[in-house]
Amino acid sequence: MFNFLCGMGLVKNNNLYRVTCCLLSLLLLSACSIFEPIKTPPMHYFTLAMPDPDWDCCAQQGRSTILVNQPRANAIYNSPRMIYIPACYQIQYFAQNRWADMPTQMLQSLLINSLQHTGYFQAIINTPSTTYYDWVLNTQLLSFQQEFITVPSRFRIAIRAQLIDARSRHVIATQDFVVVQTAAHDDPYGGALAANLAAQKILNEINCFCLRNLS
């Protein structure tokens, strides 16, 4: 009888030992998972590329110098974050997708490159300096966003351009430009592709605006 009771106690102790080991293993596994680094999705960056020059609509003449200031913008566009419009009067940002630089800085570089390809200007300056220049091009970025209000989505770029006579400081001309480009895909990549096409179109229009008013 004593041997039987001892056996029963040994069995119970073995079972308790196994249960305890299982619980400890689960606790250790949980602790390891808690201290593991949190895996976050990678960030994707997009840029605006230099468009192909197309100046058939522009009369090329003259050899002058122009100052191209960095575009001004509202606070929401002074950031590399990619904006999208899910519905009217709503603004959202893509979490894992950004522009490689602020839109205003990318557009200033493209404006300078596109104006250089016209062959009209002898020199293009990107910052005010003591160097003499004939004209000043001021721009303001009014819209730079992917809109999901319609299907398929669209990318909208709106820019206000102003030409100034550097000598007299008189405004020669002011005009608003708006380009809405349909996106091939309803995602940030599709928006970036549409943004590049829209940028090419609006740069061509601004070039024509400059040459038309300076010729």
Tell me, what % of the accessible area of the range 115-215 is carbon and sulfur with a 1.4 angstrom probe?
49 percent
Residues meeting the amide H criterion for Leu142 (H placed from the backbone, H to H distance under 5 Å, 5 or more places apart or on another chain) are Ala158, Ile159, Arg160
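What FRET efficiency comes out for Tyr45 versus Asn78 if R0 is 25 angstrom and r is the Cβ-Cβ distance? Round to the nearest 0.05.
Values: r = 17 Å, r/R0 = 0.69.
It comes to 0.90.
If I stretch the segment between Ser168 and Cys88 completely, what's the gain in nm (0.36 nm per residue apart, minus their alpha carbon distance), one decimal?
On the way: separation 80, 0.36 × 80 = 28.80 nm, distance 4.27 nm.
Difference between extended and current length: 24.5 nm.
With r as the distance between the Cβ atoms of Glu205 and Thr131 and R0 = 25 Å, compute the FRET efficiency 1/(1 + (r/R0)^6) and round to 0.05. Don't skip to the answer; put the middle values down first.
Numbers: r = 28 Å, r/R0 = 1.10.
Calculated value: 0.35.
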Theoretical FRET efficiency, 1/(1+(r/R0)^6), r = Cβ-Cβ of Ser215 and Val180, R0 22 Å, to 0.05:
0.15
Cα pairs beyond 18 Å in the range 141-215, in percent, come to 46 percent
Quick calc of log₁₀ I(q)/I(0), the range 42-172, Debye, one scatterer on every Cα, no solvent, q values 0.11, 0.18 1/Å, result -0.49, -1.05
Is there a quick way to get the dipole size of the range 135-205? I mean about its Cα centre, with the Cβ of Lys and Arg at +1 and of Asp and Glu at -1; what is the value in debye to the nearest 20?
280 debye
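The values are calculated or read from the model by the stated rules, or taken from the named source; none is laboratory data. Quick caveat, the model's predicted, so the values are computed rather than measured. Cβ sites come from the backbone with ideal geometry, for glycine too, and all protein chains shown count toward neighbours. Heads up: the accessible areas ignore ligands, DNA and RNA and are worked out on the full protein's heavy atoms, side chains in. Shrake-Rupley method; radii C 1.70, N 1.55, O 1.52, S 1.80 Å.
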